[in-house]
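Student: Before we start, here is the structure in question, set down as structure tokens.
The values are calculated or read from the model by the stated rules, or taken from the named source; none is laboratory data. The structure displayed is predicted, hence computed values, not measured ones. So basically every Cβ, Gly included, is an ideal-geometry build from the backbone, and we count neighbours across all protein chains shown.
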């Protein structure tokens, strides 16, 4: 039963529990040594949040954190003037952001529903 609970918590929980019990770490080739895919999942580096509002599934941080001065959400695609102004500004950003669908600019433009210089909302 104890082993089932530890397995559900994850690889690092298993490693720490084994250290607390005073057992030696598993050697490569042992039955309880994690396979390569488990190590890749656990040791995969994720990008830090950097104080941004959103984080994509790939780990890219984007969007200004906090609320607007009026207390509403900063992203207001239904407000045509703000949406169109943002889309026009962000469309002129230099760089390769158009080719990278996970770039912060592309992700923000998607939230604002931008198509070219205008918002479709």
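Student: Can you tell me which residue in the range 85-112 is farthest from residue 41 (Cα to Cα), limited to those that are at pLDDT 90 or above, in a loop (DSSP other than H, G, I, E, B) and touching a helix residue (DSSP H, G or I) at 6+ places or on another chain (Cβ under 7 Å)?
Tutor: Ranking the candidates gives 93 first.
Student: Only residues that are out of contact with any helix residue (DSSP H, G or I) (no Cβ under 8 Å at 6 or more places or on another chain), surrounded by 14 or more Cβ atoms within 10 Å (Cβ to Cβ) and under 22 Å from residue 120 (Cβ atoms): list them for the range 51-84, please.
Tutor: 53, 74, 79, 82, 83, 84
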